[in-house]
There are 2 protein chains.
Amino acid sequence: MAHKAVNLKMLSETLGLSQTTVSRALNGFPEVAEKTRARVVEAAERLNYRPSPSAASLATGKSRLIGHVVSLSTHIMINPHFADFIAGAGEVYAESGYDILLRLAPLEEQERIYLNLAQDQRVDGVVVHGPLTGDRRIGILNALGLPFVVHGRSDEEGSDYAWMDVNNRRAFHRATEFLVDLGHRRIALVNGLETMNFAERRRQGYATALAERGIRLDETLMFSGDMTEPQGYRATRELMALQEPPTAILVASVLPAMGVARALGEAGLRPGPDMSVLAFDDCLSFLEPIDTDAPRDIPYFTAMRSSIRDAGKRVARMLLDRIDDPRRPLESELWEADFVIGQTTAPPSRR
Amino acid sequence: MAHKAVNLKMLSETLGLSQTTVSRALNGFPEVAEKTRARVVEAAERLNYRPSPSAASLATGKSRLIGHVVSLSTHIMINPHFADFIAGAGEVYAESGYDILLRLAPLEEQERIYLNLAQDQRVDGVVVHGPLTGDRRIGILNALGLPFVVHGRSDEEGSDYAWMDVNNRRAFHRATEFLVDLGHRRIALVNGLETMNFAERRRQGYATALAERGIRLDETLMFSGDMTEPQGYRATRELMALQEPPTAILVASVLPAMGVARALGEAGLRPGPDMSVLAFDDCLSFLEPIDTDAPRDIPYFTAMRSSIRDAGKRVARMLLDRIDDPRRPLESELWEADFVIGQTTAPPSRR
DNA sequence: ATCGAAATCCAAAGCGCTTTGGAAACTGGC
DNA sequence: GCCAGTTTCCAAAGCGCTTTGGATTTCGAT
């Protein structure tokens with residue numbers, strides 16, 4: 001193990017070359033002979049030379065860091081979805097030699113933070129998480145000229161931006177239709193926080209599907225909040241206390257869906273035969289069987305399914321592409337959720 | 001908005017001071033007059049001066065970045081616990097002007113990564129996640145002289161290190177005793193991966209408690225694996241298929257505990273009256289009610305409880321302290337888990 | 001008044017990399 | 001052989017900060 005890290009100067013001296021040439025050889029510039037390059041690379045390897053990131057960053061203005069600013073105030077809880085998203089994204093970053101700079105901050109501070117990150121050149125790009133409808137972060141980022149990709153959409157007027165989203169409206173439209181086709185008329189919606197754009201779209205899909213089938217919206221069947229297990233539990237208890245309870249529940253995530261199942265269980269009802277439960281499933285890793293060789297069970301929940309980890313990969317890829325070429329045309333991508341039939345949906349029981 | 005970011009040189013010129021003085025004024029050195037300092041600070045504020053992190057990093061060798069290297073290979077899944085831990089840690093970092101550098105990498109690459117991070121001076125310290133018994137990362141980090149704190153313990157021989165852990169052995173010892181006191185004799189253990197040190201300790205606590213009460217260990221009642229919901233589900237199904245099923249199940253996390261509950265529900269059994277379920281609860285945010293004003297429900301699971309988010313805070317604090325003064329004596333901290341009685345434990349039903 | 005100490009401030013040398021603007025050394029074609 | 005055109009390489013100027021080693025000023029005490 002070298003006692004003192006070897007730097008470019010030392011390396012170039014050992015080679016009898018200038019720093020310029022060595023630097024260029026290592027960074028793949030065309031104006032250095034292949035033979036020289038090979039020599040340089042070999043020596044670098046042998047001496048365990050590693051360029052200093054901060055020096056490189058100072059000279060180039062690039063940090064090879066991708067900013068992820070997420071909120072975790074008590075209200076908008078840190079969602080477990082984030083871990084899987086970042087798992088996907090991080091894999092892509094690692095392949096390309098980038099690291100994640102993670103900063104935790106409440107939403108109201110994020111605009112300022114983006115401004116600082118941009119001015120400091122601390123990151124080469126950022127991913128916007130959990131966009132609201134009319135999210136102000138997007139305008140700021142466009143003004144700053146900092147490359148970014150939005151996970152989700154914001155419906156921001158006028159400003160264009162790169163995004164990747166799942167078709168939440170369509171997914172919930174289809175899910176609602178599916179339940180109606182099974183014979184359900186009273187369908188509850190346990191939604192995410194509707195200040196979030198994705199939750200708003202989901203409600204729209206649900207609402208239009210009902211309207212198309214001539215079913216009137218019933219506010220008492222609609223819930224909105226952070227997608228936790230207790231949310232599902234509580235909503236279900238309230239629903240079952242209604243004079244005319246629903247026969248089906250549409251849930252925004254598998255997490256609250258588990259709360260739904262727990263509440264039903266306590267009441268002696270079985271998901272499926274007694275109450276249909278249909279959830280949006282982000283394929284969260286801790287809810288999946290790990291052993292992929294094992295015979296795959298029939299999925300428990302009937303669900304609209306879209307891997308958030310894959311979304312993380314895709315968003316990261318898009319962002320790195322933008323960083324490589326900031327003036328490329330803005331991309332956007334809309335994924336359709338898979339519809340998988342599980343054990344928790346059935347025609348309404350008549351009692 | 002300034003068109004071009006103002007740097008130290010410009011700032012010092014506007015003030016008619018040298019860069020040295022300005023730098024010292026801003027960094028709180030004693031050899032600058034209070035009056036001058038005030039002037040400098042005011043001007044810095046007014047001109048929106050922000051020191052360049054990479055330049056500062058190059059000059060000082062400090063990056064103000066804390067490394068978190070986590071694995072997410074398919075085998076060791078990215079655990080949802082991580083999100084909450086990082087939520088706590090990130091809060092502390094943010095207060096002190098640090099950011100998280102997050103790198104995803106399989107365990108077998110982590111030693112090399114620490115080496116690189118240290119040589120590159122890319123981070124000022126690291127947190128070690130998920131220590132194994134005899135974890136090699138600890139020796140490497142000690143050799144590198146990179147400040148670090150271990151979340152958990154490793155039982156590494158000889159090498160000393162700073163750590164923070166919950167008393168897993170005691171917690172599972174107490175839990176087992178509690179169940180025995182209720183009259184249970186056949187108690188299953190659905191444990192985490194026992195290559196992880198924490199899971200090993202938990203098994204020890206369980207085993208010694210049983211031994212003390214003269215109950216023979218039964219391998220068919222013991223499971224070990226990634227702590228997912230399906231793990232609990234599958235284990236429970238296997239347990240119920242036994243000729244002589246257990247009357248109580250000790251579970252390593254609330255996540256598999258939910259799988260346990262689901263399996264029981266399907267079989268028409270109710271957690272508590274029909275089968276006792278006792279879980280270790282990390283207070284995962286997505287399983288907690290968010291609205292803390294609401295009357296708090298009686299906790300569902302009887303559990304040993306210790307907030308992983310608080311652990312994140314504490315570990316971060318310890319690490320920052322070490323970075324401030326690397327030669328301070330090594331600290332370690334052992335937390336006792338709270339024991340909370342919920343609705344899922346009862347004396348064994350006799351049937 | 002005068003002197004040493006304390007308080008202020010500064011010029012300049014790094015930190016380790018990239019990159020500009022040439023210079024020197026090869027080519028091949030005549 | 002000689003010259004224009006490539007190749008191949010280099011010296012030196014940044015990038016923006018911290019910090020060393022003084023220089024200058026201020027000030028209380030003699």
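The values are calculated or read from the model by the stated rules, or taken from the named source; none is laboratory data. Since the structure is predicted, the reported quantities are computational estimates derived from the model, not experimental observations. Cβ coordinates were reconstructed from backbone atoms using ideal geometry, including for glycine residues, and neighbour counts include every protein chain displayed.
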Flag if A:R185 is surrounded by fewer than 22 Cβ atoms within 10 Å (Cβ to Cβ) and in contact (Cβ under 8 Å) with a residue 40 or more places away in the chain: yes
Scan of the stretch B:115-138 for residues that are within 13 Å of another protein chain (Cβ to nearest Cβ) and not in a strand (DSSP E or B), ordered by number: B:L115, B:N116, B:L117, B:A118, B:Q119, B:D120, B:Q121, B:R122, B:V123, B:D124, B:H129
Tally, over the stretch B:207-229, of residues that are touching a helix residue (DSSP H, G or I) at 6+ places or on another chain (Cβ under 7 Å) and either crowded, with 24+ Cβ neighbours inside 10 Å or without any contact (Cβ under 8 Å) to a residue 12 or more places away in the chain (or both): 4
Some residue of the stretch A:29-40 being in contact with a Lys or Arg (Cβ under 6 Å, 6 or more places away or on another chain), farther than 23 Å from B:L117 by Cβ and at pLDDT below 90: yes
Subset of the stretch B:203-230 (residues that are within 14 Å of chain A (Cβ to nearest Cβ) and at pLDDT 95 or above): B:F223, B:S224
Members of the stretch B:52-67 that are more than 8 Å from every other protein chain (Cβ to nearest Cβ) and not in a helix (DSSP H, G or I): B:G61, B:K62, B:R64, B:I66, B:G67
Conditions (1) more than 9 Å from chain B (Cβ to nearest Cβ); (2) surrounded by 15 or more Cβ atoms within 10 Å (Cβ to Cβ); (3) of a type in the set (V, I, T): number failed by A:V70: (1)
Whichever residue in the stretch A:91-114 is in a loop (DSSP other than H, G, I, E, B) and out of contact with any Asp or Glu (no Cβ under 9 Å at 6 or more places or on another chain) and, among such residues, is farthest from the other protein chains (Cβ to nearest Cβ): A:S96
Counted residues, the stretch B:1-38 - those being outside any loop (DSSP other than H, G, I, E, B) and more than 13 Å from DNA strand C (Cβ to nearest atom): 1
Extreme residue, farthest from DNA strand C (Cβ to nearest atom), among residues of the stretch B:39-67 that are of a type in the set (V, I, T) and in contact (Cβ under 8 Å) with a residue 12 or more places away in the chain: B:I66
Segments classed as strands (runs of 3 or more DSSP E), wholly inside the stretch A:258-340, with at least 2 members that are within 14 Å of chain B (Cβ to nearest Cβ) and under 23 Å from the mean Cα position of the chain (by Cα): A:276-281
Residues (aliphatic (A, V, I, L, M), within 24 Å of A:F85 (Cα to Cα) and without any contact (Cβ under 8 Å) to a residue 60 or more places away in the chain) located in the stretch A:123-180: A:V128, A:I138, A:I140, A:L141, A:L146, A:V150
Qualifying position, being touching a Gly at 6+ places or on another chain (Cβ under 7 Å) and either under 30 Å from B:W163 (Cβ atoms) or assigned by TED's automatic domain parsing to the domain that holds B:E91 (or both), among B:L319, B:L250: B:L319
Considering residues of the stretch B:16-48 that are near DNA strand D (Cβ under 7 Å from one of its atoms) and among the hydroxyl-bearing types (S, T, Y) only, the residue nearest to the other protein chains (Cβ to nearest Cβ): B:S23
Some residue of the stretch B:21-30 being without any contact (Cβ under 8 Å) to a residue 12 or more places away in the chain, touching an Asp or Glu at 6+ places or on another chain (Cβ under 9 Å) and within 28 Å of A:A55 (Cα to Cα): yes
Test: residue in the stretch B:96-110 that is more than 16 Å from the chain's Cα centre (by Cα), in the same structural domain as B:F148 (by TED's automatic domain parsing) and closer than 13 Å to B:F148 by Cβ: yes
Residue within the stretch B:178-186 that is among the aromatic types (F, W, Y), touching a Leu at 6+ places or on another chain (Cβ under 8 Å) and within 14 Å of chain A (Cβ to nearest Cβ) present: no
Any chance A:K62 is loosely packed, with under 14 Cβ neighbours inside 10 Å and within 16 Å of DNA strand D (Cβ to nearest atom): no
